[in-house]
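Right, one structure below, let's go through it.
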C-alpha cells in the first residue's frame, strides 16, 4: 500500500511539473509585463523629446524674427539715397550674409545637433500641432511675402477680428499698414501706422511704423507733417535704426 502511495505521489509531482512547464500563460504574463515597462519608457522618452522640440521651435521662431527685422531694416536703409557708397557696400555684404543665414535656417530649421535632428525627423507632424491662431497668421504673412497685398490686408483684418486678444495683433496691424504703403494707398497707410504707434507704443514695430507714417505724408506731398514725424522718431526712439534713417530723410526733404 505504501508503495502504491509513493508511486501516486511521484506521478502527481511529475504531472504538476509538466503542466507548469507546458503552461503558456506564465511566459505570456512575463511578456506583457516587459511590454508594459517598455511602453512606460517610450512614453517618458517621447514626452522629453516633445519638450526639446518645442524649445527648439521657440528659439527658431525668435531667430527667424530677428533676421526678418534685420533684413527689413537693411532694405529700408538701402532705399535711402543719403547713404554713402561705402555704407551701401557694407549693407550689401550684410544683406548677403542675412540671406545666406536664412537659407541655412530654412534647410535645417531645427538642427541644433545631429542627434536632436534625427529624433525630430522620427516624430510625426501630428505630434506638433499648430494652433489655429498661428496657422492663420502664417497664411496671412505668406500672402504679404508673396506681394499679394490686397489679399494680405483681408487676411490680417480677419485675423484681428477672430483673435481680438492675440499677442500678434500689433504685427498684423503693421502688415496691414505696410500693405497699403506698398500699394501706394498712403492715406490708409497713415491711419494704420498711426494706430500701431498709439495702441502698441512698446511694440518692436512702433518705431518703423512712425517712420513709414512720416514717409507716407511726404509721398502725399505733405512735408510739414512728414518732417514733424521724422523729428518725433528721433526724439522718441533716439537709439534706433529708424532714428538714423529719419535724420537722413530730414536732410533730403528740407
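The values are calculated or read from the model by the stated rules, or taken from the named source; none is laboratory data. Since this is a predicted model, take the numbers as computed values, not measurements. Glycine also receives a Cβ, built like all others from the backbone with ideal geometry; neighbour counts cover every protein chain displayed.
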Identify, from the list 248, 233, the residue that is touching a residue at least 40 places away in the same chain (Cβ under 8 Å), farther than 25 Å from residue 136 by Cα, part of a helix (DSSP H, G or I) and out of contact with any strand residue (DSSP E or B) (no Cβ under 7 Å at 6 or more places or on another chain). 248
Answer yes or no: is there a residue in segment 198-205 that is in a helix (DSSP H, G or I) and buried (at least 16 other Cβ atoms within 10 Å of the Cβ). no
Being part of a helix (DSSP H, G or I) and within 26 Å of residue 150 (Cα to Cα) is the requirement here; does residue 217 meet it? yes
Taking first residues from segment 128-146 that are over 14 Å from residue 169 (Cα atoms) and second residues anywhere that are surrounded by 15 or more Cβ atoms within 10 Å (Cβ to Cβ) and modelled with pLDDT of 95 or more, the pairs with Cβ under 6 Å that are 6 or more apart or on different chains are 143/151; 143/152; 143/155; 144/152; 144/175
